[in-house]
Structure formats: structure tokens, C-alpha cells
1. Can you tell me which residue in the range B:136-147 is nearest to A:S202 (Cα to Cα), limited to those that are open to solvent by less than 50 Å² (accessible area, probe 1.4 Å) and without any contact (Cβ under 8 Å) to a residue 24 or more places away in the chain?
2. So, restricting to helices (runs of 4 or more DSSP H) that lie completely within the range B:496-581, which ones have at least 1 residues that are under 26 Å from B:I712 (Cβ atoms), within 14 Å of chain A (Cβ to nearest Cβ) and not charged (D, E, K, R)?
3. For the range B:694-746, how many residues meet the condition of being touching a strand residue (DSSP E or B) at 6+ places or on another chain (Cβ under 6 Å) and not polar (S, T, N, Q)?
4. Only one of B:S211, B:S161, B:S219, B:S186 is in contact with a helix residue (DSSP H, G or I) (Cβ under 9 Å, 6 or more places away or on another chain), more than 24 Å from B:P257 (Cβ to Cβ), of a type in the set (S, T, N, Q) and more than 14 Å from chain A (Cβ to nearest Cβ). Can you tell me which?
5. Need at least 1 residues that are open to solvent by 40 Å² or more (accessible area, probe 1.4 Å) per element, so show me which strands (runs of 3 or more DSSP E) inside the range A:83-161 make the cut, counting only ones lying wholly within it.
6. Step by step: first the residues of the range B:1-19, then only those that are within 42 Å of the chain's Cα centre (by Cα) and in a loop (DSSP other than H, G, I, E, B), then the one that is farthest from B:L61 (Cα to Cα). Which residue is that?
7. Restricted to the range B:538-564, and to residues that are under 14 Å from A:W91 (Cβ atoms) and under 60 Å from the mean Cα position of the chain (by Cα), which residue is most open to solvent (accessible area, probe 1.4 Å)?
8. Can B:H627 be described as within 30 Å of B:T502 (Cα to Cα), surrounded by fewer than 23 Cβ atoms within 10 Å (Cβ to Cβ), not polar (S, T, N, Q) and not assigned by TED's automatic domain parsing to the domain that holds B:D135?
Amino acid sequence: MKQQNQRLEEHLIIEKPYYLPSGSEIEIALAAHKNGLPLLLKGPTGCGKTRFMQFLAWKLKLPLITVSCHDDLSTSDLVGRYLIRSGEAVWTDGPLTLAVRYGAICYLDEIVEARKDTTVVIHPLADDRRELPIEKRGELLNAPPDFMISVSYNPGYQSVLKDLKPSTRQRFVALSFDYPSPEMEAEIVLREGNVTQDIARSLVKLAGMTRSLKESGLAEGASTRLLIQTGQLLGSGIDIHTACRAALVEPLSDDPELLGALQEMVSSIF
Amino acid sequence: MRPATLTKRFYDLVAPDIPNEWDVEEVLDPFADKSDAICEAALGHVPVIWPVSHSLCYDFLRLLPEALHTLSLEQIPRWIGTTLDLYETKGLRAAQRFMQDDLKEYLSKLEGSGGLPLSVASKQLLPYIRGIARDDLRISVSRQCYTDTRTIFVPEEVNFSTNYDTNFLLYKLMLTFQWGFIACNSFLSSPNKTQDLQDFFNSFKSPLLASAIYQNLESIRVRVFLNQELPGLMKAAEKHIFDKLQDESQHPVPQSPLQLAIIANREDINSLLAKTLCNPDCKAYTEGLAAPHDSMRITELLYKDSEQGEDESLLNTFSFQGVFKLGQVVTAGKIKEQKMGEELSDLMATYLLSLSKKELAALMQEDQDKKSGNNLAESDVTMVMDSEFAGTAKQDIDAPLLVTINNQEIDLPQELEEFSKTFFKEFGHLPAKFISSAAGKAGHLMLEQDIESSSKTDPTPEGATNISYDEWDYRRQGYRKNWCTLHCKSLTPVHSSFIRNTLDKYHGLTIRLRHQFEMMRSQEHFVKRQREGDDIDFDALVESISDTKAGLPGSDRLFIRLQRDERDIAVLFLVDMSNSTSGWINTALKESLVLMAEAMEVLGDRYGIYGFSGMRRSRCEFFHVKHLNESYGDKVKERLTSIAPSEYTRMGPAIRHATKILQDVDAKARLIITLTDGKPEDYDDYKGQYAIEDTRHALLEAKTADIHPFCITIDQEAKEYMKHMYGPANYIFIDDVRKLPVRMPEIYRALTS
């Protein structure tokens, strides 16, 4: 038990994460938590979904257990399994069970990456039953009021095979995330990337330009995260053109023509 | 080489074609006394040119002996490459002219003394300017540089410097500067105001001079704006372009201080400007506070001065400033206004129809009273739509919009209100014409129960199966029952070398595609926890032992097996065969289908290919090219070759039929991929909003049946309605039709992996 608590405490967020709300998402999330409703976050890469969850966990003073989903994720990876310790079989809780048992927040990042039969495991937790059956132990866990489950995905992917089942989807309170407004984004880049206001504004301007290139073949424009990373490179003494190239342009595409055009934008702005 | 050998070799090369003997003899005769190397070189290029164009091939052979005086044998392949490029972009004439007349020019280019052609630079410039402008601007070729606010025209070639980078920079500067005029509102906000500006210029004795002065003043504004907005570009321009322009020895005509200010280093702008403008104005310009009306006012002043002093230097402009073509701006603005107006009127009509019957009756009552006894076929509804503060000096676009119909006020839904506001903001007024037509449309529909008079049914073509489909009418939010008749036919097979040529043309790509798709097929991965397998799954084993120790029955699934993933995907390709696809688009569509088919054969996904076209609801046509389970044989190939543009694009029934076909197929994922070049449109009233809504509904039906629709479009204007029709992330837009064959397999790969 003591060991479990220690495991959980590692997930507590002590320092206040920086998050700039762009709408009423915090109120909605708090209300959802109060009413025991699960949360679905959707939005493009690097727009602040995970940061929002960290902020929420900090505000609620609850541990945040994050699971990054992948297509090899099995039910036992989430729920738990027996392990052998010194010749004895010991049950070890998976991250989901841990969160349910102690009333933490369980955050399944990029849920569409997980196989559909794995995601089904959260169904009884994500409706009014709020329970988790652990078949191997013959145990039925009832979630305490503090427990919250939240999932995230990026609707921009164009693969047919990666979509959320309606039966999964229709259990959640959904929050749609997008890149913040230019002023707010500049403020975020300024703070997180530790750059001057001018640079922050120019970076945001550049990001806006790349985001309007969707119809010209760029799958996704530069995310806020990329802008912050560019700022961080700048802070370490790398010159602006190189920093933009390494942290903003190259990660976006492999197409030489698009790369050329992006590089031209960079050299125009800076 | 002997003439007989030459002729025989030639016939072998062009087989199975059998060209006229006298043609062949005529062109091959001059080679009889040439060295073997030259003959080999000449014949070596025949297979390259012959399939593209026979007459170009004759021309090549005819001109080659002479060309060899100036070109070396090694330069010939590149020369042919350029010729063929020209043939494909501009046609036979241009290619012939190039071969015949432009040899000198070509040589100078080869030596690197030529400039930078737009065709080379535009691949990077187009996404660049679209990104900068955050708008779908287009780039087009014109002798002078100018913009009509939708397209930026630049010269075909820039020959400013011998340096590639500097020439590229000049192109960039031209585009950015023209965009600057748009962004700085130099053409004023609406087509009417642009017209006023033109009238203002015309009021001078020399409109040209007035316009040039105004443009120079505006260029200062743009320069200051760009200094702020794109400092990097302006720094580079100062260094590489402005410096050279400042060198007066290059300019026979003296430059005015105003012009010099445009190309001055940023510190000098102020002092140069002060020579022409008085102090407060000068400050307004350098600080970016001036507006177009300041420029108009100062134009008047400067015009007077220059007329007295007969100072012609104000007439000059730099190449990157280009010229102002206000007439074109007005036209482009009006086209946009027209389009948005139509959209607004459609939205309005939809909304009016969604009002409850009672409200409508009340609204219409008055109207009917007025025209009692009159036939109701044409209703006349007075509709006023205006901002609350319209007419007052200070128009506030945030004020709520009020719509009154026959003096009764109605509330607008948010979407409509926002659209109207955008319109108002852009054009300064609301489109009265379109709004009344919306009211007319709606009124018309309300009063007449049956919208369509019975249209003439064409006789059914023989050998076709006919199926009726419903069509969605968004105006009444219901289906028109059995509205469209779909004739399913097979395309007549055509024998040609199209497939072979395509495979030759994309030889490298085909090999790469095969490889890539093969990788997809053999998506091998290890599956854990199997009853039998190649290796022991230690995780499972440990778990099983633990379970046993814990008193639970241990699992016997203890092995790892290498498994090939069954893809089990069924996909239908629907090809738009409307008239608008004629020419290059059709070729590109077919080429991409050939490449797709090759790739799909490797991959093993089930796929079908169908074309659709037709005219009117009574004759929608659905052409079979390949059924899902048909093998990709000669007949299929011949049918594929015969895909050709015919009539209109009534997309709804085709999608419904494809849905029906796929519904009977059992697969893990089922897809309909539509290849189209534009909006759905038919000869009758299947247009605009109606067509989009019907197509959207057909797609929704497909989605309900668990079929995933996806669209690949090459429409330049596609952006807005595609998202509405297919939903975000369910379509892709290809800006250059030539890229389609390359992109399509990529898209398919991304879609299904």
C-alpha cells in the first residue's frame, strides 16, 4: 500500500504549470470533474492539450497519470497484471487501476492510436457506472468522486483506420482546442520560449503563415510547441535563421519546394 | 549510314506505327552523308519524341542538322527536354517555334547568362506568397507586374542580375510588394471605391501622371509597412536590389526624390521624403500612419507642382512596383462580390424556408393581398436588410443587422449574420439584388408545391440498367423521391498505347510505388499470446506462472507468432467525367488511375473504378471500368483508356450508387474515393447550394452505411465548400494537376495505413 501511494505521489504536480486559458475550458473541465463526467480533448498537435491537463490536475490537486497510447497497448497494460516477486505472484495495478483506486486523473493521450478493443476497457468508467472490473482478481472497483478520466486525439489525421468509435466518443464532454489567438500565442511564446516580445510576435506571424498553407500540401502548420522550441534554441545562442530552420521549418515537411517556400518566409520575416 | 538502313531503323523504332514513306525519306535524307555518331544520336531521340508528337519528331529530324552547327551532341538531350516541356505546357506551335527560332536564346541560357524563368521559381513562390498573404492568391504571367487583388501578375522571366539568388529575390520582392498594395488597401475597400479612384485619376489632364504619383506615394506606405512586417526581406532587398537601383548611372531618366525614398535604406527614407512632402505628412508616412486618402490629397498637390515644372521624373516606377490596373481590380472585386452575393442569397433562401409555415404565411399574406387576382407564379417580396446604424455617418459593423420583409422584422441565425457582416465589411454595403432574389426564390418555392415542371425524359439507351435514386432538396429538408435515373453502362474499350506510355513515363515512380505498396502488404508484425508460434512470449509466460501461483488457471497462450496483417479494404474510385475535365486534367486523371491500379495489384486491396457523368436528372450515367472483383486485365485497361470527358457532374446519384455497391461488400474498411475537378453541377437546377447540399447528403448516407468517403480535388476554388461537403480531413486539394499521378498513391497510402 505504501509503495502504491509513493507511486501515485510521483504523479502529483506541485508547481503551477503555465496555462493561458482561451475560453471557458477550465470552467467546463471543473464542472465535468464535479459531476464525474469524462473529458475528451481534441485539437491539432502541440496546441496545449497536455498542458491543459497538467494545469487542471494542479488546480484540482490530484495526481495526473498519463498514458501515451500506441497500437500495442493491451488491456493488461492499462488494468494491471500479476508479476512474480521472489517466487510469489504479486498483483500490480496498471495506470488506470491506480488512478481509479486512489481517485486520480487518468489521461489517455492520443487515444486513437490504441486498438479499438483496448479502448473498450474504459467504457464502464466513462459513463454513470464509473466502475472498473478487474477480471483476474474478480474485483470490481468503484471510482471515488475525485477520479476523472480524460482522453485526447487529433482529428486532423486522415487515416480511415484511426477514428474514435461512436460508442466511445459518445460518453465524453468534449473540448475542442485550437491554436490560441495571435496575441495570446505571442504571450505564451514569450513566456515559455523566453524571447523578446518582437521575436515572439514574429514567430507567431510565421506560424500563422504556415497554417494557411494547408491547401498547398502542408499537413499541419507550425504548432505553438514548435514556436516555443524555436525560442528555446534562440535562448541558447543559436541565430534566428538557423533556429527557425531547425525547429520550425524542417519538422514540418520533407517536400523540397515547400521547405524552400517556408525558408523564404523565414528570411522575409527575420 | 545508308539511307535504306536509316529508314529501316526508323520504322523499327516507331513500330507499330507505320508513317508515310515520303515523310520519312524527306527528313532522313540529309543524314545520309552525316557521320554514324550523328545518325545514332538522331535516331536515339526518336523513341522519346515520337510517342509525344509525330510532327514534332519530324521537325526535330529536319532541324537537327542545322542545330548541330550551334549545339554539341551532348547538349541535344536537354534541348529536346526543353522542347517537350514546352509542347506539354504550350502546345505544338510553341514547341516548333522554340526549335526553329529560339536556338540562340536557348544557348545563352545554357551558358548561364540568362535570367530566372518564373516556371522555375514559382514552385517555391506560390506557397510562399500564399503563406505570407494567408490567402489563396494566384501567380500568373504578364509583361508588366501588377495585381487584381486575386492574382499577382509577374514577368515570365527576371533578368536583373546574373545571380540566381538575386533574381529570385526580385521575384519575391515583386510578389510581396504587390501583396503589400492589397494589404495596405491601396485599391480602396470595394469595387465601387476603386472605380472612384479611377475617376479621380481621370479628372486630371494626365491620368497617367496622377496615377504614377499616387502609386509612388502608396509604394512608400507599402515600403514602411513591409519594413515592419517583413524586415528580413527588406534588409535583403536593400542590400541586393535597392543598392543597384540607386546607382544612377544605370538610369538614363533622373529619379524623383519620392522614388528614391522607396528604395532608400530605412534611415534615409525620412530625409528623402522631406524633400517632397511637408512635415506632418512626411511624419505620417514614415511612421506608417498615412492612409490612401492622404495619398490622394498629396497626389493633387504634387501633380500641380510637377505640371508647372514639367517634371517627368514622377512618371517613373520601378519594376517591382509594377503598374496599377484599377480596371482589373474592379472586375476581380465584382466577381468576388457576385460569388459571395450568390452564396448569401442561397443562405438567405434556406433560412427563409426554415421559418415555420405560420411565420411565412404571415409574411406572405401582405404580399398576396397586394396582388390579389394576380397569378402567384412570381412573388414580389420587399426585403430590406440593413445595419441599425446604416446611413449615419459612423457605421458600426458590429451593430446588429436587421432584416425586414414586408416591413416585418426577422431575426437572423448567427451563421447568416456573420456572413452578411463579412460581406458588409468587404464591400461596404449589402447586396440588395441578391437579397431580393433570395426572397424571390423562397417565395417562389413556398407558393408552388411542385418546383420542377415535368422534364422531358430521354429514351433509355440500350444495354443499360436503370436505377432510380432519391435526391436531397435542402430547401424543403426532404428527399425528392425517385428523382434521378441512373444508367449503368460499360465504357467502350479503346485500343491504344496509353497505358504502356504512362508506365514508361513514370517508370521510376512505378518501381518505387510497387516497392512501397509491397511493404504495406507485408505488414508483418508479431502477435503475442498465441497458442502456437515461433517463439516463447516471455511476458505471457511470466504472467501465466504468476497466475498459477496466485491460484488462477494459467493461460496456455504463451507463444509469439509472426503474422501478416490482412488489409481487407475495399475501395471504389469514382472518376468525374464531366466536360470540364477535358485536356490535361483527363490525362492526369487517367494516368493516376493507371499508377493506382498498378500499385493496387501489388497491394491486393479490392478496388473498383467507375466514371460518372450525365445530363439532367433523367440521364445520370455511371460507367463501369472495373468491378470490385474483376481482374485488371486487357479489357479493363482498354476501358480505362477510354475514360473521356462527356457532360456534367451530378455527383449525388453516383455516390449513392457507389454506396449501394459497397454496402453489399464485406470488408474491414470500405472507401469511396472521388476524383473531381470541381463543384457538382448539372444542366438543370442542380447547381450551387442545392448541388452541394445534395452531394453532402449522399456522403452522409455513405457514412451512415459505415463507408468512408474521401475526395481528391483539383478545383482552384474548392476550399470553402469542400469542408462543408466532406467534413474536415476528408478531402485533399491538389493545386497542380500534373502532380496528381504522383500524389494519388501517396494519398491512398496515408489513408489506409
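The values are calculated or read from the model by the stated rules, or taken from the named source; none is laboratory data. Just so we're clear, the structure is a prediction, and the values are computed from it rather than from any experiment. So basically every Cβ, Gly included, is an ideal-geometry build from the backbone, and we count neighbours across all protein chains shown. Each accessible area value is taken on the protein alone, full model and side chains, heavy atoms only, with ligands, DNA and RNA left out. Shrake-Rupley method; radii C 1.70, N 1.55, O 1.52, S 1.80 Å.
1. Of all residues in the range B:136-147, those open to solvent by less than 50 Å² (accessible area, probe 1.4 Å) come to B:136-137, B:139-140, B:142, B:145-147.
Cutting the leftovers down to without any contact (Cβ under 8 Å) to a residue 24 or more places away in the chain gives us B:140, B:142.
On the way: B:S140: 29, B:S142: 33 Å.
The selected residue is B:S140.
2. Qualifying helices (runs of 4 or more DSSP H): B:507-521.
3. Kept after step one, since they are touching a strand residue (DSSP E or B) at 6+ places or on another chain (Cβ under 6 Å), are these residues of the range B:694-746: B:694, B:697, B:699, B:702, B:707-713, B:718, B:722, B:726, B:730-733.
With not polar (S, T, N, Q) added as a condition, the list becomes B:694, B:697, B:699, B:702, B:707-712, B:718, B:722, B:726, B:731-733.
Residues meeting the conditions: 16.
4. Values: B:S211 fails: more than 24 Å from B:P257 (Cβ to Cβ); B:S219 fails: more than 24 Å from B:P257 (Cβ to Cβ); B:S186 fails: more than 24 Å from B:P257 (Cβ to Cβ).
Step by step, each of B:S211, B:S161, B:S219, B:S186 is checked, and only B:S161 is in contact with a helix residue (DSSP H, G or I) (Cβ under 9 Å, 6 or more places away or on another chain), more than 24 Å from B:P257 (Cβ to Cβ), of a type in the set (S, T, N, Q) and more than 14 Å from chain A (Cβ to nearest Cβ).
5. Values: elements: A:88-93, A:105-109, A:131-134, A:139-142, A:148-153.
So the answer is A:88-93, A:131-134, A:139-142.
6. Going through the qualifying residues, I end up with B:P16.
7. Here the answer is B:V542.
8. Numbers: within 30 Å of B:T502 (Cα to Cα): yes; surrounded by fewer than 23 Cβ atoms within 10 Å (Cβ to Cβ): yes; not polar (S, T, N, Q): yes; not assigned by TED's automatic domain parsing to the domain that holds B:D135: yes.
Against the criterion (within 30 Å of B:T502 (Cα to Cα), surrounded by fewer than 23 Cβ atoms within 10 Å (Cβ to Cβ), not polar (S, T, N, Q) and not assigned by TED's automatic domain parsing to the domain that holds B:D135), B:H627 qualifies.
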